[in-house]
1. If you take the beta carbon distance between K203 and K152 as r and set R0 to 41 Å, what does 1/(1 + (r/R0)^6) give as a FRET efficiency, to the nearest 0.05?
2. For the pair Q221 and Y179, how long in nm is the line joining their label points, each one 7 Å along Cα→Cβ?
3. Quick one: what does P(r) look like for segment 140-222 with 10 Å bins over all Cα pairs, in whole %?
4. Computed FRET efficiency, Cβ-Cβ of T80 and L109, R0 22 Å: what is it to the nearest 0.05?
5. Treating only the Cβ of Lys, Arg, Asp and Glu as charged (+1, +1, -1, -1), what charge dipole size does segment 113-178 show about its Cα centre? Round to the nearest 20 debye.
6. Taking a point 7 angstrom from the Cα of E64 along the C-beta vector, which residues in segment 158-177 have backbone N less than 20 Å away?
Amino acid sequence: MEALDIKKKKMDSSHQTIFGQKVSGRPLTLNKFVNGLVCVDCNNVWLSQLESAVKPILLPLLKEDFTNEPLVALLKNKETFAKWAYKTVIILNRATNFHKIIPRRHYRLFHRTKRLPENTFVAFAVAEKPDINWVQTKTAMILGNDAESITKNPRYQDIYMICLQLNRVLIKVAYIPFYHYKYTPRENEIVLFPNIIRGEVKKPIYFKDISAYSIPVNFEQK
């Protein structure tokens with residue numbers, strides 16, 4: 001927030017249906033977003049260390065430098081960036097006016113092991129124009145021969161996707177509890193976690209906005 005000078009930026013933080021109809025709203029400034037689940041020790045020690053570690057990777061991107069050097073740094077430190085991204089979006093979900101879509105066991109796992117839950121996917125992309133915004137949803141397309149039975153499985157309710165835009169940086173975290181499925185990346189995004197990146201670093205193609213990036217969320221059978 002300091003890098004973008006947005007601590008006092010007022011956000012609507014509205015809860016909308018999938019059709020864009022406003023259900024409720026809770027205007028807040030960004031420095032008022034707090035999470036009571038984060039204890040003092042965690043906030044001052046390992047979460048603070050994580051913020052410090054990601055800062056030299058994130059700051060050039062927030063300053064809209066998407067040349068080769070910052071992207072190479074991002075990929076070299078993709079595990080650190082993915083942990084920071086995951087930490088940020090799950091705390092965002094707890095602090096905003098929306099359903100608490102992150103299973104509590106995921107908070108406990110991340111706290112205990114400092115690792116992302118299995119079958120979680122973290123991706124990076126770039127928006128055409130700067131903004132501060134986010135999208136949270138449990139809606140996804142399941143592409144597989146057992147998709148119908150999966151949608152009737154109680155674990156289907158654990159699916160979630162949170163997309164965050166910071167200036168022109170787009171971050172997406174997606175989770176599906178069925179391990180024979182995987183997130184289907186968009187052509188214009190870079191998957192940072194799990195570690196599936198191969199070959200030369202390519203400059204990302206820009207998305208129009210966070211809406212164009214966040215939807216649809218597709219999971220396909222492995």
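Quick note: the coordinates plus some simple rules give every number you see, no bench work behind them. Note that the structure is a prediction, hence the values are computed from the model and not measured. Every residue, glycine as well, gets a Cβ built from its backbone with ideal geometry; the counts of neighbours run over all protein chains shown.
1. Efficiency, rounded to the nearest 0.05: 0.45.
2. In this crude label model, Q221 to Y179 measures out at 1.9 nm.
3. 15, 46, 30, 8, 0
4. E between T80 and L109, to the nearest 0.05, is 0.75.
5. For segment 113-178, the charge dipole is close to 220 debye.
6. Counting backbone N atoms under 20 Å from the label point, the list is 164-171.
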